[in-house]
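Just below is one structure, and these are the notes that go with it.
Taken together, the values in this text are just the output of simple stated rules run on the coordinates, not laboratory data. Keep in mind it's a predicted model, so treat the numbers as computed, not measured. In this analysis, Cβ positions are derived from the backbone assuming ideal geometry, glycine residues included, and neighbour counts consider all displayed protein chains.
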Amino acid sequence: MKRSSFFEGAFFATTGIIICKIIGALYVIPFYAMIGEQGGALYGYAYAIYAVFISFSTGGIPLAISKLVSEYRALGYQHTKEKVYKLGIMMIGLFGFLLFLILFLFAPMIATLILGSAKGGNTVTDVAFAIRVISTSLLVVPVLAVVRGYFQGHNLMRQSSVSSILEQLGRVTVILVGSYFSLKVFHLSIRTAVGVSVFGATIGALVGYFYLIEKKHKKKISSYDGPINAAEKNFTNSFLIRKILIYALPFLIIEGVKAAFSLVDTFTLVQTLVKLKYSAVDAELIQSIVTTWGSKLNMIVISISLGITVSIVPHISSSVARKDKVEANKKIHQSVLSLALFVLPLAFGLSFLSTPMWTLFYGKNELASSLFQFFIFATVSFSFFSLLINICQTMDHTKLVMKVLFYMFLGKVIMNVPSMYIFSYFNIPPYFGPLFITITSELLGALYLMFYLHKNDYSTKRTVYYCIMTLLCSLIMFVTLKIIGSFLLYTGESRFLSLITILLYGVFGMILYFILVLKSGILKELFGKENLKKKMNLFTRNR
């Protein structure tokens, strides 16, 4: 099986994740129409908790497996990398089962913490039921993540991406078909429809898992009949388990803390808004926008950073194992600049198109579209922060990562509720407070990590310069669209008119942005003068 270079791997990984997120965004149009706002809030509660537990179970060991497989493959330790994979499956299976038990048994307590004293919306029983159903996915998703980590450690991003797409298709099929039959055919309750829908996470994971296992056996990527390297004979099971845990623990804590950022909102937003005289229904609507419906649109942008991160971890691991600092520095520069090149214009473009975008997916809602107009910029801070965290961790800067995460999370916990009261005092909608705290803390964390890398022989001067140039190009595009939009006002309420508006402004914005980054030299810096010339000539000939 052909192994990917960094750009090829990033392309396959990013394309797969983007397709998954687009599917994840599109299915909510009919799904939201079927289950409504209250059902959407219930679905959001279950997935918010699920996201935290999945982050704990898939954020550590799978990334450690990817890193170790890449590292041992670079050193020629073929038998050891296979042993690492088998041990990883065993460990993650036990860990996933433990988390399943915790979530299933304590679901009523978690539901009570989420809802507090809010009345008039979903009940504690409803939320506990949805949480228990989705907890079954913890028996499958973590194991699937380890298998993906194994493929990614071999730089086989295409197969990993296809499995993600199949998983998403399986999940969405269960969601749409299950909710339709529950509500329209059997006339069951909203709670039952949501329960069937969240069970789609378990079914989708099984589909992705069986696909990868079939590929693994068919392509025989694990077969190796050569002699055992002398150094490998010292690698006992206990030694490798300790190494997996040492590698996994920081990744585990990192992913857990990142997910806990949204969990802070889940536990504080509804209760604080109710205290600030919002109705329970309105508070749940805002909660669902932040944790579910707006986040699904945000994930289209965030998928770019996820794809780049998945690809960069094994590449940097190989460079570090070979002590090739020049190559590692090159990959850092390429990954951060690639992220800026795509994430910044997408965030500004979606902010400009917030009203037609929201109308297209969920129907016209002024509150939701005004919130999403600013909420989309959380993708920028999260993407840079997430990428740099994973780069630093892959380069074994574990203490630094822990320190940054601790202070960021502490700031979020301390300031989340006060920020809502402060914003309310100045007549600013209080739900913007948590968003402001999240974006600010993530940007500060990302800037500190860039500064640290710069002080440790990984020069980031050129990276920062070209990121600023990319920001300027994105701002020019945004201002131009604003000027045009002031003459061509969007007043439609139909999904069709929203789609036409998005396409027209989107195409114009992309053309303008491409011209700007081409003239500014950003593309030449990223791909190299000769490579860029070849790509441009190929594009011209194809036309």
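Computed quantities for the displayed model
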read-out: Peptides 165-178, 376-389 ordered by average Cβ neighbours within 10 Å, highest first; value: 376-389, 165-178
read-out: Cβ-derived FRET efficiency at R0 56 Å, R462 paired with F97, nearest 0.05; value: 0.75
read-out: Within the chain, helix-based [θ] at 222 nm, where runs of 4 or more DSSP H residues each add -39,500 (n - 2.57), nearest 500; value: -28000 deg cm²/dmol
read-out: R0 of 45 Å, Cβ-Cβ distance R322-L113: FRET efficiency to nearest 0.05; value: 0.40
read-out: Order of D396, D282, D126 - criterion: other Cβ atoms within 10 Å of each residue's Cβ, fewest first; value: D396, D282, D126
read-out: Charged-residue dipole, Cβ positions (Lys, Arg, Asp, Glu), the chain about Cα centre, Debye nearest 20; value: 1620
read-out: Dipole axis of the chain (+1 Lys, Arg; -1 Asp, Glu on Cβ), positive-most option in L113, L98, A340; value: A340
read-out: Neighbourhood charge, 13 Å Cβ-Cβ cut-off, centred on T292 and excluding it, Lys, Arg +1 and Asp, Glu -1; value: -2
read-out: Distant alpha-carbon pairs in region 121-274 (separation over 20 angstrom), percent; value: 67
read-out: Shape metrics for the chain, restricted to C-alpha atoms - Rg then Dmax, Å; value: 23.3, 73
read-out: Relative packing of 179-190, 233-244, 82-93, which averages over residues the other C-beta atoms within 10 Å, highest first; value: 82-93, 179-190, 233-244
read-out: Lys, Arg +1 and Asp, Glu -1 on Cβ, resulting dipole of region 99-230 about Cα centre, debye, nearest 20; value: 240
read-out: Value in Å of the Kirkwood radius, where region 430-492 supplies the Cα pairs that are averaged; value: 14.8
read-out: Two-site label geometry, F239 and V507: point separation in nm, points 7 Å out along Cα→Cβ; value: 6.2
read-out: Inter-probe distance in nm under a simple model that places probes 7 Å from Cα toward Cβ, at K519 and A231; value: 5.3
read-out: Restraint check, K325/K519; K215/K325; K403/K461; K86/K399; K296/K330, Cα-Cα greater than 26 Å; value: K325/K519; K215/K325; K86/K399; K296/K330
